[in-house]
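Working notes, beginning with the structure itself.
The values are calculated or read from the model by the stated rules, or taken from the named source; none is laboratory data. Model, not experiment: these values are computed from the prediction. As a convention, Cβ positions derive from the backbone with ideal geometry for all residues, glycine included, and neighbour counts pool all protein chains shown.
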Amino acid sequence: MANNTQKNILRAAEKRILVLDGAMGTMIQEHKLEEQAYRGDAFANWHCDVKGNNDLLALTQPEIIYNIHCAYLEAGADIIETNTFNATTIAMADYDMEAQSKDINLAAAKLARKACDAYTAKTPDKPRYVAGVLGPTNRTASISPDVNDPGKRNVTFDELVVAYVESTEALLDGGADLILIETIFDTLNAKAAIFAVETVFDKRHARVPVMISGTITDASGRTLSGQTAEAFYYSMRHVTPVSIGLNCALGPDLLRQYVEEISNVAECLVSAHPNAGLPNEFGEYDMEAEEMAAHIKEWAESGLVNIVGGCCGSTPEHIRAMVDAVAGISPRKIPHFEPRMRLSGLEPFVH
């Protein structure tokens, strides 16, 4: 089944540009949920505040999460992401909810699966896929959290692997078609996620496609841990992902050059789901759907992308506009290169 999923995605991606969904957090914010809504009945007496724990809503407000998925599918998304960006045990420690991580991942995957199945039944010629999301966690394995102690670390590679194994198992048990390791700001964290995913695949004697999406944090054109986009790809290419790309941090206007950098070297599909511009002074995103779609259309016409979507600030309206913008435009052709030694530190090295 796993191989069939990859074959089906690649076959569809040969014909058209595929569309990922948009922001989950942006849509949740529109509901203006208060503390009690986050707690629900199951966590009514929890000992600390949980407002802002959006992933918990898969357990306490499943109808809201399901309806958001459906809104993106209705807008035309081919792939929707599980509401599990912060659902690792490491990130859940902020709410003392490490023990709930597995249940959250399982419930979130089931909600996305239910939505995808409902829309695939409506349009059998356009199957919809569930991407089980592994977020970056709120810790970094390769950078010190203390400017006065460069050697200090607040998480180890092995701790990340344990957390990611649990999340991956639950996402697959819930029905995820593929795994999306996204918003990668530290390549070492991503390496831990990849090791965990491969460990789970080996244990199950079955694989699903893996999507990888990094984050260029600012105009330096580098991830937080210092890699250029091309170097980041060379660090990840051994996984043979179904796609690699970039998301978050920047709007489509500022992200374009880095998407092009990956597009020029990636021997797989290229994905991009940028923010709806940069946040304003109130932390809100002002780029309207039509403006964002115009940028995405230019990317498509330039042959840069195979999968597009939206990150922070994007809504079903943005995704619908993207679907319309890329309709009929040929997807990026996957290049084939002569075998060469391709290494990466902070910079790429090709010999």
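Results, tabulated for the structure shown:
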quantity	calculated
Contacts under 8 angstrom Cβ, first residue in the range 95-124 being hydrophobic (A, V, I, L, M, F, W, C), partner modelled with pLDDT under 95, 6 or more apart	none
Any pair with Cβ under 8 angstrom, 6 or more apart, that starts in the range 193-208 at a residue that is within 13 Å of Asp173 (Cα to Cα) and modelled with pLDDT of 95 or more and ends at one that is surrounded by fewer than 21 Cβ atoms within 10 Å (Cβ to Cβ) and basic (Lys, Arg)	Phe201/Arg207
Qualifying position, being small (Gly, Ala, Ser), under 26 Å from Leu278 (Cα atoms) and crowded, with 24+ Cβ neighbours inside 10 Å, among Gly310, Gly303	Gly310
Failed item in (1) in a loop (DSSP other than H, G, I, E, B); (2) of a type outside the set (D, E, K, R); (3) out of contact with any helix residue (DSSP H, G or I) (no Cβ under 8 Å at 6 or more places or on another chain); (4) under 28 Å from Asn8 (Cβ atoms), with Thr84 passing the rest	(3)
Which listed residue is assigned to a helix (DSSP H, G or I) and loosely packed, with under 15 Cβ neighbours inside 10 Å, from Asp117, Asp103	Asp117
Residue in the range 157-175 that is assigned to a loop (DSSP other than H, G, I, E, B), among the hydrophobic types (A, V, I, L, M, F, W, C) and either closer than 25 Å to Val308 by Cα or in contact with a helix residue (DSSP H, G or I) (Cβ under 8 Å, 6 or more places away or on another chain) (or both) present	no
Top-ranked residue in the range 313-335 [being among the β-branched types (Val, Ile, Thr) and within 23 Å of the chain's Cα centre (by Cα); ranked as surrounded by the fewest Cβ atoms within 10 Å (Cβ to Cβ)]	Ile334
Residues within the range 188-224 that are of a type in the set (S, T, N, Q), buried (at least 20 other Cβ atoms within 10 Å of the Cβ) and out of contact with any Cys (no Cβ under 7 Å at 6 or more places or on another chain), tallied	3
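Quick grid of which residues meet (1) surrounded by 20 or more Cβ atoms within 10 Å (Cβ to Cβ); (2) part of a helix (DSSP H, G or I):
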| position | (1), (2) |
| --- | --- |
| Ile262 | yes, yes |
| Ala276 | yes, no |
| Met287 | yes, no |
| Glu290 | no, yes |
| Phe337 | no, no |
| Leu346 | no, no |
